[in-house]
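> Dropping a structure here in structure tokens format, bear with me for questions.
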Amino acid sequence: MKGERLVICRCEEITREDIAEAIRRGARSVAAVKRRTSAGMGLCHGRTCTRLVAQVVKEELGIPPEQLKPATVRPPVRPILVSSFEEEGD
């Protein structure tokens, strides 16, 4: 198929073919594709590729958009000091 080597996730260098292969092996959601390929786990945390991954999943499975479960989003977390939570004067 034309475009199989198209890079969908630039951060992890995941191609459309990689995603299609994950679907052939049983992935049925964006989250399942993410677990099998690491698409969306790069520096951008899926901000640039999640919609593209979802589009490939919908196309490969032939399902309408409303039937695709949305991916869970976990923003990057940075450690902070506990003292940041203390009130002034403590």
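> Could you tell me which residue of the stretch 11-27 is nearest to V56 (Cα to Cα), considering only residues that are among the charged types (D, E, K, R) and surrounded by 14 or more Cβ atoms within 10 Å (Cβ to Cβ)?
This residue is R16.
> Same structure, new question: State all residues of the stretch 20-39 that are in contact with a strand residue (DSSP E or B) (Cβ under 9 Å, 6 or more places away or on another chain) and outside any helix (DSSP H, G or I); if no residue qualifies, say none.
S38, A39
> Looking at the stretch 1-11, which of its residues are in contact with an Asp or Glu (Cβ under 9 Å, 6 or more places away or on another chain) and in contact (Cβ under 8 Å) with a residue 24 or more places away in the chain?
Selection gives I8, C9.
> Would the stretch 76-88 turn up any residue that is touching a Lys or Arg at 6+ places or on another chain (Cβ under 6 Å) and not in a helix (DSSP H, G or I)?
no
Since every read-out is calculated from the coordinates, none of them should be taken as a lab result. From a predicted model like this one, the values you see are computed outputs, not experimental measurements. As a convention, Cβ positions derive from the backbone with ideal geometry for all residues, glycine included, and neighbour counts pool all protein chains shown.
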